[in-house]
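So the structure is just underneath, and the comments pick up after that.
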Amino acid sequence: TYRLRDWGISRQRYWGAPIPIIYCPECGIVPVPEEELPVVLPQEVKLTGMGTSPLAYVPEFVNTNCPRCRRPAKRETDTMDTFVESSWYFERFCSPREDKGMFDQEKVKYWMPVDQYIGGIEHAILHLLYSRFYTRVLRDFGLVNFAEPFTNLLTQGMVVKETHRCPRHGFLFPEEVGEGLTCSKCGQKVEVGRTEKMSKSKKNVVDPDYLVEKYGADTVRLFCLFAAPPEKDLEWSEQGVEGAYRFLQRVWRLVEDFAGISQKVEWPSSAWDIPADLKKVRRKTHWTIKKVTEDIEDRFHFNTAISSIMELVNLLYQIKEKPPEGQAALAVFREALESIVILLSPMVPHICEELWERLGQKKSVILAPWPNYDEEVLKEEEIMLVVQINGKLRGRISVGADSSDEELKETIFANPRIQELLKGKAVKRFIVVPKKLVNLVV
């Protein structure tokens, strides 16, 4: 039951749905007739901030006639809690122009339930429960044919930061803390408090306008997505923002070194004979595409998706120091660079538009198809196997990734060091742990 109690929905404020009730001295409490709904909020209202309903001071709204006896009466001046509207807005979204009722039932039947609900933990306590309760009410009235409004739920973590408190001036904003943890107002030592949710009352907030001005909106977006998985709290860090800024600079320089490459070569084909170092780049590119796609689609883990892209960028910088020559090399780099820009574009769209143009593309990056990965390219040609004798490490050998047990035996028994260690001994068992090790029991 989630300990649900009766819900008092009346509020003494202007912004909300008017409660459709009329008070008549003769007839008592009378509901507004259905044909006179909805009751519309008046436009000319003075917000006094006195704690009482501002609608009570609008005679044109308050004074009306009783629907039953037609004598003078007064409207209810409280409005409904905004949760009443937000508990079913998703159904209204299905048919926003419907003017014959709450919503078009056929369109709601087509679009609902919502595929993915994303919200903070406070929503999981309040809005999620209200919405589920309200949907069941609509179901009981025969307006919808489902009980649960949401198919999947992702509860986001909070943005948290340490607090700073001055003995004289109380909580301080970060910019009010001087060098050596002193108060910029009085010079007294500032106490560093615990890390908790950013709030105006604790003043542990960061001005986004300042960060956007200094680093750009893309840097701030990248840090927020990279610093923590979505379901965990994000601990704010100025050093983390700097790190995100440096990474975007590295991507920019990398693209600048290959400006116009999209107009020079096509993407490589699996049929090409590509050198080993370039095959390594291609394999990493396709692995990154696979990882980022799965992290975003399956788990919303943008942090690990960004980490994978960083690994690919690092590899390209290593290869670029001794760049291979020829069309094949350019083709492999084009594939990698274009993939990086497309994969980053949902997270840092502004810089990616610029990078996409510098690569030589004419249309927007948001019109580019999401890259596909090739399972054949992902397959490793050779792997390193550990060789044990009676469970003790005796060497490592390079073998084909798809080698059979017989091929492994042939390769291992042909190894001079293994031959020396096995001299005069019979191998009783040949144990293979695929793609990891081989243990010879003698």
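Just a yes or no: is a residue in the stretch 119-133 at pLDDT below 95, touching a Pro at 6+ places or on another chain (Cβ under 8 Å) and either farther than 29 Å from residue 229 by Cβ or part of a helix (DSSP H, G or I) (or both)?
Just the residues of the stretch 119-133 that are at pLDDT below 95, to begin with: 119-133.
From what's left, touching a Pro at 6+ places or on another chain (Cβ under 8 Å): 131-132.
Filter again for either farther than 29 Å from residue 229 by Cβ or part of a helix (DSSP H, G or I) (or both), leaving 131-132.
Checking the stretch 119-133: at least one residue is at pLDDT below 95, touching a Pro at 6+ places or on another chain (Cβ under 8 Å) and either farther than 29 Å from residue 229 by Cβ or part of a helix (DSSP H, G or I) (or both).
State yes or no: is residue 266 closer than 19 Å to residue 306 by Cβ and either acidic (Asp, Glu) or part of a loop (DSSP other than H, G, I, E, B) (or both)?
On the way: closer than 19 Å to residue 306 by Cβ: no; either acidic (Asp, Glu) or part of a loop (DSSP other than H, G, I, E, B) (or both): yes.
In short, no.
For the stretch 334-393, how many residues meet the condition of being closer than 30 Å to residue 428 by Cα and without any contact (Cβ under 8 Å) to a residue 60 or more places away in the chain? Working first, answer last.
Here is the first cut: in the stretch 334-393, the residues closer than 30 Å to residue 428 by Cα are 381-393.
Now drop any that are not without any contact (Cβ under 8 Å) to a residue 60 or more places away in the chain, which leaves 382-393.
Summing the residues that are closer than 30 Å to residue 428 by Cα and without any contact (Cβ under 8 Å) to a residue 60 or more places away in the chain in the stretch 334-393 gives 12.
Which members of the stretch 203-230 meet the condition of being of a type in the set (D, E, K, R), touching a residue at least 40 places away in the same chain (Cβ under 8 Å) and over 19 Å from residue 161 (Cβ atoms)?
At the first step, the residues of the stretch 203-230 found to be of a type in the set (D, E, K, R) are 203, 207, 209, 213-214, 218, 221.
Pick out the ones that are also touching a residue at least 40 places away in the same chain (Cβ under 8 Å) and you get 203, 218, 221.
The answer is 218, and nothing else.
Output yes when any residue across the stretch 177-191 is under 20 Å from residue 241 (Cβ atoms), surrounded by fewer than 16 Cβ atoms within 10 Å (Cβ to Cβ) and modelled with pLDDT of 85 or more, and no when none is.
no
Test each condition in (1) in a loop (DSSP other than H, G, I, E, B); (2) within 49 Å of the chain's Cα centre (by Cα); (3) of a type in the set (A, V, I, L, M, F, W, C); (4) not assigned by TED's automatic domain parsing to the domain that holds residue 279 for residue 427 and report the one that comes out false.
Only one criterion is unmet by residue 427, namely (2).
Among the residues of the stretch 210-245, which ones are closer than 17 Å to residue 345 by Cα and of a type in the set (D, E, K, R)? Give the derivation first.
To start, the set of residues in the stretch 210-245 that are closer than 17 Å to residue 345 by Cα comprises 216-226, 244-245.
Listed by number, the residues that qualify are 218, 221.
If the requirement is being crowded, with 17+ Cβ neighbours inside 10 Å, in a loop (DSSP other than H, G, I, E, B), polar (S, T, N, Q) and in contact (Cβ under 8 Å) with a residue 12 or more places away in the chain, which of these qualifies: 64, 77, 52?
Numbers: 64 fails: in a loop (DSSP other than H, G, I, E, B); 52 fails: crowded, with 17+ Cβ neighbours inside 10 Å.
Matching residue, one of 64, 77, 52: 77.
Return the residues of the stretch 380-398 that are modelled with pLDDT under 85 and either within 10 Å of residue 411 (Cβ to Cβ) or surrounded by 14 or more Cβ atoms within 10 Å (Cβ to Cβ) (or both); say none if nothing qualifies.
Pass one, the stretch 380-398, residues modelled with pLDDT under 85: 380-384, 398.
383, 398, listed by residue number.
Would you mention how many residues in the stretch 305-332 are assigned to a helix (DSSP H, G or I) and in contact (Cβ under 8 Å) with a residue 24 or more places away in the chain?
Of the stretch 305-332, the ones assigned to a helix (DSSP H, G or I) are 305-321, 327-332.
Going one step further and asking which of them are in contact (Cβ under 8 Å) with a residue 24 or more places away in the chain, we end up with 305-307, 309-313, 315-317, 319-320, 327-332.
Total satisfying the criteria: 19.
Mind checking which residues of the stretch 399-417 are without any contact (Cβ under 8 Å) to a residue 24 or more places away in the chain and surrounded by 10 or more Cβ atoms within 10 Å (Cβ to Cβ)?
Start the filter on the stretch 399-417 by keeping residues that are without any contact (Cβ under 8 Å) to a residue 24 or more places away in the chain, which leaves 399-400, 402-404, 406-407, 409-411, 413-414, 416-417.
If the condition is that a residue be without any contact (Cβ under 8 Å) to a residue 24 or more places away in the chain and surrounded by 10 or more Cβ atoms within 10 Å (Cβ to Cβ), then 399, 400, 402, 403, 404, 407, 409, 410, 411, 413, 414, 417 are the ones that fit.
Report the residue count in the stretch 333-380 for those that are in a loop (DSSP other than H, G, I, E, B) and among the basic types (Lys, Arg).
To start, the set of residues in the stretch 333-380 that are in a loop (DSSP other than H, G, I, E, B) comprises 345-348, 359-364, 368-374, 379-380.
Retained after the next criterion (residues that are among the basic types (Lys, Arg)): 362-363, 379.
The qualifying residues number 3.
Take the residues in the stretch 1-43 that are outside any loop (DSSP other than H, G, I, E, B) and of a type in the set (A, V, I, L, M); name whichever of them is farthest from residue 101 (Cα to Cα). Lay out the reasoning, then the answer.
As a first pass, look at the stretch 1-43 and keep what is outside any loop (DSSP other than H, G, I, E, B): 10-11, 18, 21-24, 28-31, 34-36.
Keeping just the survivors that are of a type in the set (A, V, I, L, M) gives 21-22, 29-30.
Working: 21: 19, 22: 21, 29: 24, 30: 21 Å.
Among them, the one singled out is 29.
Restricting to the stretch 5-36, and then to whatever is touching a residue at least 40 places away in the same chain (Cβ under 8 Å), within 24 Å of residue 89 (Cβ to Cβ) and charged (D, E, K, R), can you tell me which residue is surrounded by the most Cβ atoms within 10 Å (Cβ to Cβ)?
Going through the qualifying residues, I end up with 11.
The values are calculated or read from the model by the stated rules, or taken from the named source; none is laboratory data. Note that the coordinates shown come from a computational prediction; the quantities given were computed from them, not determined experimentally. Here the Cβ is made from the backbone with ideal geometry for all residues, glycine too, and neighbour counts use every protein chain on show.
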